[in-house]
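Chemist: Here you go, one structure.
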Amino acid sequence: MMRKTRKKPSLIWFVFILIIMLVPGFALSGCGTEKDAAAGDGKLNVVATIFPEYDFARAVSGGAANVSMLIAPGAGVHSFEPAPGDIKTIQKADVFIYVGGESDEWANDLLDSLDTSEMKIVRLIDCVNAVPEELKEGMTPEEDEAEGAADGETAADAADETEYDEHVWVSPKNALLLIDAIMGAMRDADPANAGLYAENASAYKTALEEVDQNITEVVSSAKRGKIVVADKFPFRYFVDHYGLDYAAAFPGCSDQADAGAATIAYLINTVQDENIPYVYYVELSNQSVADSISEQTGAGTLLLNSCENITKADFESGVTYVDLMKANIENLRKGLN
């Protein structure tokens, strides 16, 4: 897969970092969620960049730590750049959790500029068996990939720039590993509550193991073994772990909303030729491609939640990763039968 070009942090951005580091009293407000959790209350401060990490850390904490989510509910994850207030929040973290894929280049750069000697850092992509991103037949490539091909970038060039799929949390099997890593970091940073963190992690893993078993049963008893996601596709680990085939409109990190004519035709043909009853779309999507395929084929549309982010209403109501996966199970049951 050809390399996607990410915007590097500007000089002004690094100047902000310098100001914040040199002037402790500099007051700037961030734009994330729950970043004003009590500071200096003696509790462990855990900062997670996106929802799944936040939910895992929240479950492990059981209220014994201050857990905050940096990227606000409903916000775009792949286009995020930290505000000065976000940088201050990360500086105060005892434990910082981030994915570590290409979308997190900003985090790698920021951590390199800070003194993290007293901070426990969990980079999720290092906690699992990461797989390369995949541009599968029928997908509309991202614009910069198409430009790279037009400029003569070769397969060898792409091979030298392997990019790993960063949506590691989407498979509950991976989530079990991620919870262990998060619990370990919190335990090491806060030994006084180590037993509580281990107990809470065990309870959450029991719920995840039930989800994993239910997904396995749904897939193994289904009439079909293929899903059509008429949207971006952040489910590579999910389909690999549960033995599903797939067709999709865009790669996992794509921000594109308009699929090419060849992609639309490919998905329509797939749905018609294989009698697919439902096509899926991803949370916080405009659903335009899914709606188009539905109109052309008569297939229904269903949500398949990657859990990358959630709406503000869902966040405030306390929705969990397990809740979202249980909803996925029911929609998979419909789509595979």
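Chemist: Given the structure, is Val46 of a type in the set (Val, Ile, Thr), within 17 Å of Glu316 (Cβ to Cβ) and modelled with pLDDT of 95 or more?
Modeler: Numbers: of a type in the set (Val, Ile, Thr): yes; within 17 Å of Glu316 (Cβ to Cβ): no; modelled with pLDDT of 95 or more: yes.
No, not satisfied.
Chemist: Here's something else I'd like to know. Being free of Cβ contacts under 8 Å to residues at least 24 places away in the same chain and within 23 Å of Lys205 (Cβ to Cβ) narrows it down to one residue among Asn275, Asn328, Asn305; which is it?
Modeler: Numbers: Asn275 fails: within 23 Å of Lys205 (Cβ to Cβ); Asn328 fails: free of Cβ contacts under 8 Å to residues at least 24 places away in the same chain.
None of the other options fit; the residue is Asn305.
Chemist: Out of Ser79, Ser29, Ser61, I need the residue that is touching a helix residue (DSSP H, G or I) at 6+ places or on another chain (Cβ under 9 Å) and at pLDDT 90 or above. Which one? Write out each step before concluding.
Modeler: Details: Ser79 fails: at pLDDT 90 or above; Ser29 fails: at pLDDT 90 or above.
Checking each option against the conditions leaves just Ser61.
Chemist: Please go through segment 74-107 and give me each residue that is without any contact (Cβ under 8 Å) to a residue 60 or more places away in the chain, outside any helix (DSSP H, G or I) and either in contact with a strand residue (DSSP E or B) (Cβ under 8 Å, 6 or more places away or on another chain) or over 25 Å from Ala313 (Cα atoms) (or both), ordered by number.
Modeler: Lys92, Ala93, Phe96, Tyr98
Chemist: For Ile125, only one of the following conditions fails: (1) modelled with pLDDT of 95 or more; (2) in a helix (DSSP H, G or I); (3) buried (at least 20 other Cβ atoms within 10 Å of the Cβ). What is its number?
Modeler: Failed condition: (3).
Chemist: Right, Asn305: under 14 Å from the mean Cα position of the chain (by Cα), buried (at least 19 other Cβ atoms within 10 Å of the Cβ) and not small (Gly, Ala, Ser) or not?
Modeler: Numbers: under 14 Å from the mean Cα position of the chain (by Cα): yes; buried (at least 19 other Cβ atoms within 10 Å of the Cβ): yes; not small (Gly, Ala, Ser): yes.
When the stated conditions are applied, Asn305 passes them.
The values are calculated or read from the model by the stated rules, or taken from the named source; none is laboratory data. Fair warning: this is a prediction, and the values are worked out from it, not measured in the lab. Glycine also receives a Cβ, built like all others from the backbone with ideal geometry; neighbour counts cover every protein chain displayed.
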